Amino acid sequence: MRITLKQLDVFAAVAREGSVTRASAWLNLTQSATSMALSDLETQLGAKLFDRVGRRLQLNELGSRLLPLAQETVARASEIEDIASGDLPGVGRLRLGASLSIGNYLMPQLIGDYMKIHPEAEISLDVGNTRHVIEAVKQFTCDIGFIEGFCHEPDIEMLPWIEDELVIFAGSEHALARQQQVSADDLAQAYWILREPGSGTREVFDNAVAGTLPTLKVRLELSHTEAIRRAVEAGIGLGCASRLTLQESLDQGRIKVLATPFLNLRRSLFVLRHRSKYQTRGMQQFLGTCGLDAAAPARG
């Protein structure tokens with residue numbers, strides 16, 4: 001058997017991109033060369049590595065088992081080349097996934113800090129809800145994930161990162177914004193604009209109000225905090241979001257945070273990494289930029 005590094009690199013790229021066309025663009029190869037390398041690898045293995053789902057290639061069971069080994073082999077070969085040339089192993093390409101609040105408000109600064117130290121790095125950022133990020137880490141389509149909720153996947157490590165606070169807020173003209181004190185009954189009678197199920201913010205909110213607010217009048221469920229903030233400013237209902245996403249509106253007096261000491265809205269933000277994924281130097285360096293030790297103990 002004569003498996004080549006090129007074949008393994010193509011296999012990993014197709015698994016990550018979900019198609020030969022996108023993988024060939026990522027690898028800077030022609031589509032025919034990419035397709036041939038994958039076909040040659042499957043021929044040598046005597047088995048298919050992907051199932052075709054519509055127009056997308058999806059790893060089958062064998063492909064899922066082999067992908068971490070292929071990624072590690074390619075990464076180690078690259079490190080060998082760097083060391084042999086007298087350089088430290090390069091940081092290379094890095095794919096990050098982040099839930100919405102983290103992706104929009106925290107990641108730009110982190111990526112900027114990282115690229116000041118490693119200007120040669122190539123970074124992509126995929127922003128979605130917590131469920132989306134977990135799935136991307138699980139399927140090896142991103143190297144490191146950042147989420148606002150919890151991950152219950154046994155194959156994924158969950159590293160405690162930083163503390164955050166959700167707040168209940170109302171438009172400045174809302175009746176509750178003019179009250180000195182707000183009760184649980186006030187919240188139960190109000191209309192709400194909330195994040196969609198599957199988001200970390202919604203999971204923390206649902207856990208916080210369970211038992212205290214047995215029923216809620218949910219008027220809208222939206223997938224972006226910005227849309228929720230604007231709907232709340234328009235007086236449609238109350239919202240719940242991370243304080244760090246609301247600062248501009250708070251400073252301009254368009255919204256008001258309601259005091260809700262009877263709700264525990266503190267939460268931890270977490271970093272995710274797959275247990276089977278080889279930790280490249282780029283991954284280790286980015287975790288360091290985030291204030292984390294690559295060998296830090298994990299939850300989950």
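The values are calculated or read from the model by the stated rules, or taken from the named source; none is laboratory data. It should be emphasised that the depicted structure is a prediction, and the values quoted were computed from it without experimental measurement. Positions of Cβ are backbone-derived with ideal geometry, glycine not excepted, and every protein chain shown enters the neighbour counts.
Structural remarks
- Filter pass, S276 being within 30 Å of L94 (Cα to Cα) and surrounded by fewer than 19 Cβ atoms within 10 Å (Cβ to Cβ): yes
- Check on L94, surrounded by fewer than 16 Cβ atoms within 10 Å (Cβ to Cβ) and not polar (S, T, N, Q): no
- Residue pairs whose Cβ atoms lie under 7 Å apart, separated by 6 or more positions or on different chains, with the first residue in segment 13-25 and over 12 Å from L59 (Cα atoms) and the second modelled with pLDDT of 90 or more and of a type in the set (S, T, N, Q), are V20/Q31; V20/T34; V20/S35; T21/Q31; A23/T34; S24/T30; S24/Q31; S24/T34.
- Of the candidates S276, S268, the single residue that is assigned to a loop (DSSP other than H, G, I, E, B) and touching a residue at least 40 places away in the same chain (Cβ under 8 Å) is S276.
- Filtered residues of segment 122-156 (kept if surrounded by fewer than 24 Cβ atoms within 10 Å (Cβ to Cβ), touching a helix residue (DSSP H, G or I) at 6+ places or on another chain (Cβ under 7 Å) and among the hydroxyl-bearing types (S, T, Y)): T141
- Residue match in segment 193-205 (condition: surrounded by 14 or more Cβ atoms within 10 Å (Cβ to Cβ), farther than 21 Å from S268 by Cα and of a type outside the set (D, E)): yes
- Criterion: touching a His at 6+ places or on another chain (Cβ under 8 Å), surrounded by 14 or more Cβ atoms within 10 Å (Cβ to Cβ) and touching a residue at least 40 places away in the same chain (Cβ under 8 Å) - qualifying residue of L59, L100: L100
- Test for D251: is it surrounded by fewer than 16 Cβ atoms within 10 Å (Cβ to Cβ), modelled with pLDDT under 95 and not assigned by TED's automatic domain parsing to the domain that holds L176: no
- The set of residues from segment 107-151 being part of a helix (DSSP H, G or I), touching a residue at least 40 places away in the same chain (Cβ under 8 Å) and under 18 Å from L244 (Cα atoms) comprises L110, T130.
- Tally, over segment 59-85, of residues that are closer than 21 Å to E42 by Cα and of a type outside the set (G, A, S): 13
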